[in-house]
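Undergrad: Input: one structure, supplied below.
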Amino acid sequence: LVRRAEQQDTKAIQALDSAHYLHPFTDHGDLATRGARVITRADNIYIWDSEGAKILDAMSGLWCVNAGYGRKELADAGYQQTMTLPFYNSFFQTTNVPAVQLATKLAQLAPEVRGRKFEHVFFSSSGSESNDTNVRMVRRYWDLLGQPQRKVIISRQNAYHGSTMAGASLGGMSGMHAQGDLPIPDIVHIGQPHFFENAQPGESQADFGLRAARWLEEKILSIGADKVAAFIAEPVQGAGGVIIPPATYWPEIQRIVDKHGILLISDEVICAFGRLGHWFAYEKFGIRPDLVTFAKGVTSGYIPLGGVMVGDRVAKVLIEKGGEFNHGYTYSGHPVACAVALANLELMEREKLVERVRDDTGPYLAERFEELRGHPLVGAAETCGFVAGLVLVKNKAKRQVFDESLAVGMRCRAHCFRNGLIMRAVGDRMIIAPPLVMTREQIDEMMDLIQRCLDATL
Ligand code: PLP
């Protein structure tokens with residue numbers, strides 16, 4: 001009876017959902033026919049739907065529930081701050097204690113790299129807003145230095161930097177550019193360091209990494225270095241399909257931006273807060289960025305919060321030369337969001353989640369993922385900390401991809417859905433980003449499910 005009642009609820013919710021709710025990134029014709037899966041509750045690394053099915057969430061929601069679901073400490077922190085001060089802005093010379101505490105904490109967590117310090121933070125409510133902030137901040141920086149012609153921001157194809165006009169323009173998703181006349185002016189793109197797709201026959205990872213990085217220099221020279229404001233990139237491309245660059249890529253990018261004096265923006269909306277086994281990913285790759293975008297994992301997704309870590313090169317100019325920077329959001333430094341973020345970072349420290357991913361569960365996930373290389377459908381299997389990607393191929397020996405790459409990913413995703421596993425399909429790549437609390441035993445459980453879904457896709 002209970003089950004029947006739940007099923008009736010599901011149908012009713014799906015009908016209302018389809019009648020009233022415009023979902024992000026969704027084909028509503030498809031949604032109306034099939035009905036959305038209604039997710040009702042969650043705990044640890046699992047979610048449940050309205051039919052009572054238990055699902056292992058290998059995507060941490062949308063790469064964000066780093067501390068796992070059901071963390072009472074985070075709910076308590078939000079409740080207490082709501083009762084004390086639910087909102088006050090930090091415009092016009094006011095501030096609030098959680099925002100100050102969080103800014104201080106982030107400045108302590110962000111490591112200094114080759115003399116570059118990150119002592120200032122600008123808050124927003126999302127990754128998209130943070131990247132909009134970056135566009136305004138880098139252009140303001142060059143204006144203040146008397147070089148207003150430095151406007152162009154270089155990004156990469158297939159990058160994801162958000163969904164606002166500037167975010168979607170910085171991103172390199174052709175499907176997004178096709179809608180709404182994007183990119184906005186002065187944003188251009190270069191190729192991505194995707195070895196499997198873009199390497200030439202016989203080319204080594206190291207050589208390909210250098211070649212891909214030099215696309216940046218070619219672009220700078222074709223535009224004129226004196227017109228280029230910044231280069232933005234994700235240390236590991238996430239939504240584009242977990243594209244992990246060869247080890248030679250980032251050092252060469254750093255050499256090029258340094259040579260031409262161009263600002264470097266590391267978009268760590270996915271990669272920060274333990275995802276790659278470090279608090280910030282620039283540390284892992286030895287990058288020296290000027291600005292670092294963050295969001296998602298800072299609150300483990302319990303409440304929206306994002307921001308930009310502003311390195312001293314930019315902060316000094318904005319503060320000392322700046323006057324008023326006419327930019328900000330009502331919810332910049334929202335006290336409840338900041339209180340939840342603080343509780344989340346403290347929890348992650350207490351449970352040593354970052355170290356666990358770096359030294360224990362991350363290497364174990366890599367070991368287990370390597371075994372998948374033996375599967376007849378798997379052309380490549382790569383991990384970096386707690387992100388991982390598989391390329392599904394038609395013929396391994398010939399590195400031949402499927403003609404209908406979208407179809408194979410969707411087919412595999414449908415098997416995941418049926419088998420109680422959330423894995424994401426990006427074309428013919430299947431990707432995961434599990435909650436950082438996942439144990440070795442749970443990694444084994446996830447790998448069994450992945451294996452089963454791959455077998456079913458064959
Ligand atoms: N930047 C990166 C690297 C992302 O992965 C995302 C979202 O997935 C964003 C920016 C946009 O963040 P939001 O969806 O919070 O606006």
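Undergrad: Among LYS72, LYS227, LYS151, LYS259, which comes first, second and so on when ranked by fewest other beta-carbon atoms within 10 Å?
TA: LYS72, LYS259, LYS227, LYS151
Undergrad: If you filter the range 140-184 for chymotrypsin sites (Phe, Trp or Tyr not before Pro), then keep DSSP loop positions with at most 13 other Cβ within 10 Å, what is left?
TA: When the chymotrypsin sites (Phe, Trp or Tyr not before Pro) of the range 140-184 are filtered for loop state and at most 13 Cβ neighbours within 10 Å, nothing remains.
Undergrad: In 10 Å bins starting at 0, how do the alpha-carbon pair distances of the range 157-200 split up by percent?
TA: All Cα pairs, binned at 10 Å, distribute as 30, 48, 19, 3 percent.
Undergrad: Tell me, what HN-Hα J-couplings in whole Hz come from the Karplus equation 6.51 cos²θ - 1.76 cosθ + 1.60 at θ = phi - 60° for each residue of the range 239-246, using x for Gly and Pro?
TA: Taking θ as phi minus 60°, the curve returns 4, x, x, 6, 9, 9, x, x Hz for the range 239-246.
Undergrad: Something else now. What GluC sites (Glu not before Pro) does the range 1-84 have in DSSP loop regions with at most 14 other beta carbons within 10 Å?
TA: GLU51
Undergrad: Tell me, TRP215, TRP250 in order of fewest to most beta-carbon neighbours within 10 Å?
TA: TRP215, TRP250
Undergrad: How many Lys pairs in the range 76-350 lie less than 27 angstrom apart by Cα atoms, where the lysines are 8 or more positions apart or on different chains?
TA: Number of lysine pairs found: 28.
Undergrad: At 0.36 nm per residue, minus the direct Cα-Cα distance, what do ALA407 and ALA19 gain on full extension? Give it in nm, one decimal, please.
TA: 136.9 nm
Undergrad: A follow-up question, please. Using the Karplus curve 6.51 cos²θ - 1.76 cosθ + 1.60 with θ = phi - 60°, what ³J(HN,Hα) values do you get for each residue of the range 50-58, in whole Hz, with x for Gly and Pro?
TA: Those phi angles translate into 5, 8, x, 6, 8, 10, 7, 8, 7 Hz.
Undergrad: Non-local amide H neighbours of GLY70 (under 5 Å, H modeled in plane, Pro and chain starts lacking H): which ones?
TA: ASN44
Undergrad: Using only the C-alpha atoms of the chain, find the volume of their convex hull and express it per residue in Å³.
TA: For the chain, the hull spanned by Cα atoms encloses 157 Å³ per residue.
Undergrad: Can you give the local net charge around GLY115? Use residues other than it whose beta-carbon is closer than 11 angstrom to its beta-carbon, Lys and Arg +1, Asp and Glu -1.
TA: Surrounding charge for GLY115 is +3.
Undergrad: For THR40, what residues show an amide H to amide H distance below 5 Å, using hydrogens built from the backbone and excluding near sequence neighbours?
TA: Placed amide hydrogens put TRP48, ASP49, SER50 under 5 Å from THR40.
Undergrad: Follow-up. Place a +1 charge on the Cβ of each Lys and Arg in the range 76-350 and a -1 charge on the Cβ of each Asp and Glu, then give the dipole magnitude about the Cα centre in debye, rounded to the nearest 20.
TA: Once rounded to the nearest 20, the dipole reads 380 debye.
Undergrad: List the aspartates and glutamates whose alpha-carbon lies under 17 Å from that of LYS394, not counting same-chain residues fewer than 8 positions away?
TA: GLU197, ASP403, GLU404, ASP428, ASP455
Undergrad: Sort LEU436, LEU392 by Cβ crowding within 10 Å, fewest neighbours at the top.
TA: LEU392, LEU436
Undergrad: Name the residues whose placed amide hydrogens come within less than 5 Å of the amide hydrogen of ALA239, ignoring near sequence neighbours (fewer than 5 apart) on the same chain.
TA: TYR160
Undergrad: At 222 nm, what helix-only mean residue ellipticity would the chain give, in deg cm²/dmol to the nearest 500, using -39500 (n - 2.57) for each DSSP H run of four or more?
TA: -13000 deg cm²/dmol
Undergrad: Of the options PRO245, ASN89, HIS327, report the single residue whose Cα projects farthest towards the positive end of the charge dipole of the range 76-350 (beta-carbon charges: Lys, Arg +1; Asp, Glu -1).
TA: Working it through, the farthest residue towards the positive pole turns out to be HIS327.
Undergrad: What does the charge count around PHE294 come to, taking other residues whose C-beta lies under 12 Å from its C-beta (Lys +1, Arg +1, Asp -1, Glu -1)?
TA: Local net charge: -2.
Undergrad: A further question on this structure: In straight Cα distance, which aspartates and glutamates are under 17 Å from LYS352, not counting same-chain residues fewer than 8 positions off?
TA: GLU73, ASP360
Undergrad: Please give the net charge around HIS189, taking every other residue with its beta carbon less than 13 angstrom from that of HIS189, where Lys and Arg add +1 and Asp and Glu add -1.
TA: Taking every Cβ under 13 Å from that of HIS189, the sum is 0.
Undergrad: Right, here's the next one. Over the chain, what is the relative contact order in percent, taking alpha-carbon pairs closer than 8 angstrom and at least six residues apart?
TA: Answer for the chain is 20 percent.
Undergrad: With unit charges on the beta carbons (Lys and Arg positive, Asp and Glu negative) and the dipole taken about the Cα centre of the chain, which residue among SER163, PHE231, SER126 sits farthest to the positive side?
TA: Of the candidates, PHE231 comes out farthest on the positive side.
Undergrad: Restricting the count to DSSP beta bridges whose residues both fall in the range 76-350, what percent are antiparallel, rounded to a multiple of 5?
TA: Given both bridge residues lie in the range 76-350, the antiparallel proportion sits at roughly 45 percent.
Undergrad: Can you compute 3J(HN,Hα) from phi for each residue in the range 183-190, using the Karplus curve 6.51 cos²θ - 1.76 cosθ + 1.60 with θ = phi - 60°, rounded to whole Hz and x for Gly and Pro?
TA: x, 5, x, 6, 10, 10, 10, 10
Each value in this text was obtained by applying a stated rule to the coordinates, not by laboratory testing. Treat the numbers as computed from the prediction; the structure is a model and nothing was measured. Backbone-built Cβ (ideal geometry, glycine too); neighbour counts: all protein chains shown.
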